[in-house]
Amino acid sequence: MKQYIVDAFTDQVFHGNQAAVCVLKKWLPEELMMNIAMENNFSETAFVVKEGDKYHLRWFTPGGEIDLCGHATLATAYVLFRFFIPKEEKVIFNTLSGDLIVTKNGDLLEMEFPAYQLKKVEVTREMSDAIGAVPREAYMGRDLLCVLDDESVVRNLSPQMDRVKKLDGLLLHVTAPGKDVDCVSRSFAPKLNVTEDPVCGSGHCHIIPYWAKKLGKNEMIAYQASKRGGTLYCRMAGDRIFLAGKAVLFSQGNILAQE
């Protein structure tokens, strides 16, 4: 079974967000896909099967299957465009979040995602204790989004993961306005056995709707300030979000586990 490892939202290896991509002829048993994801121990491993004129795409974290993942979608599109459908300009993925379209846009790959609806929630002491800073605002979509005033605080956070696990929401995203970009953020997912997601596409389906409204602009450059770091070129269009970025191949190999 062929597996590709791609660094997404970067043009340099050892940066951006790692994803493993398995291009299959038919679906594997779910237990085997889960075991592969745990063995890889990346924030996501993607599995994709061609079905008609679309590709069925599923994402697994070391803690289980997830309903939306940006960087592994970007990585999968990169692999398909490079090795399987080089003449195509777009690919359509059938996913748990509906059809997702990835289009070539110069040297970028642009993904169209649904925006999460954000509900403002009370800032609690539990949030502050978990994050190690007091948020100015907090919002809930699929994930918890906490807003800070200072980019440097976001960059230097050391959240308490045992406390983050107890907060509402699947992931925790912490964001602030940026000096050289529109916004900076970091994403934490201990409930999925991922301490920090280096560059979180689905997180920006929370982050970008907030900043689009706050800044009064629909096109933004976002930076995920993890240790690996990554840049996302974002735009809002109604209830849809377009996330664009680059990707680079780290390795390709074969998984020898029984199919």
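The values are calculated or read from the model by the stated rules, or taken from the named source; none is laboratory data. Note that the coordinates shown come from a computational prediction; the quantities given were computed from them, not determined experimentally. When we count neighbours, we look across all protein chains shown, and the Cβ atoms used for this are built from the backbone with ideal geometry, even at glycine.
How many residues are under 19 Å from LEU256 (Cα atoms) and under 13 Å from the mean Cα position of the chain (by Cα) when one looks only at segment 33-59?
Counting residues in segment 33-59 that are under 19 Å from LEU256 (Cα atoms) and under 13 Å from the mean Cα position of the chain (by Cα) gives 3.
Restricting the search to segment 3-20, which residues are under 19 Å from GLY230 (Cβ atoms) and either not in a strand (DSSP E or B) or not hydrophobic (A, V, I, L, M, F, W, C) (or both)?
Listed by number, the residues that qualify are TYR4, ASP7, PHE9, THR10, ASP11, GLN12, VAL13, PHE14, HIS15, GLY16, ASN17, GLN18.
Can you tell me how many residues in segment 219-241 are under 19 Å from THR103 (Cβ atoms), modelled with pLDDT under 95 and either among the aromatic types (Phe, Trp, Tyr) or assigned to a loop (DSSP other than H, G, I, E, B) (or both)?
Qualifying residue count for the region: 2.
Check segment 28-39 and report whether any residue there is under 22 Å from LEU109 (Cα atoms), not β-branched (Val, Ile, Thr) and not assigned by TED's automatic domain parsing to the domain that holds THR231.
no
Quick check on my filter: what residues within segment 34-82 are surrounded by fewer than 23 Cβ atoms within 10 Å (Cβ to Cβ) and of a type in the set (Gly, Ala, Ser)?
GLY52, GLY63, GLY64, listed by residue number.
Would you confirm whether any residue within segment 241-257 is farther than 22 Å from THR73 by Cα and out of contact with any Cys (no Cβ under 8 Å at 6 or more places or on another chain)?
yes
From the residues in segment 112-146 that are of a type outside the set (Lys, Arg) and touching a Phe, Trp or Tyr at 6+ places or on another chain (Cβ under 7 Å), which one is nearest to PRO177 (Cα to Cα)?
Restricting to residues being of a type outside the set (Lys, Arg) and touching a Phe, Trp or Tyr at 6+ places or on another chain (Cβ under 7 Å), the top hit is LEU145.
Pick from segment 21-74 the residues that are assigned to a loop (DSSP other than H, G, I, E, B) and acidic (Asp, Glu): which of them is nearest to GLY169 (Cα to Cα)?
Only one residue fits best here, namely ASP67.
Would you confirm whether any residue within segment 83-95 is in contact with a Cys (Cβ under 9 Å, 6 or more places away or on another chain) and surrounded by fewer than 15 Cβ atoms within 10 Å (Cβ to Cβ)?
no
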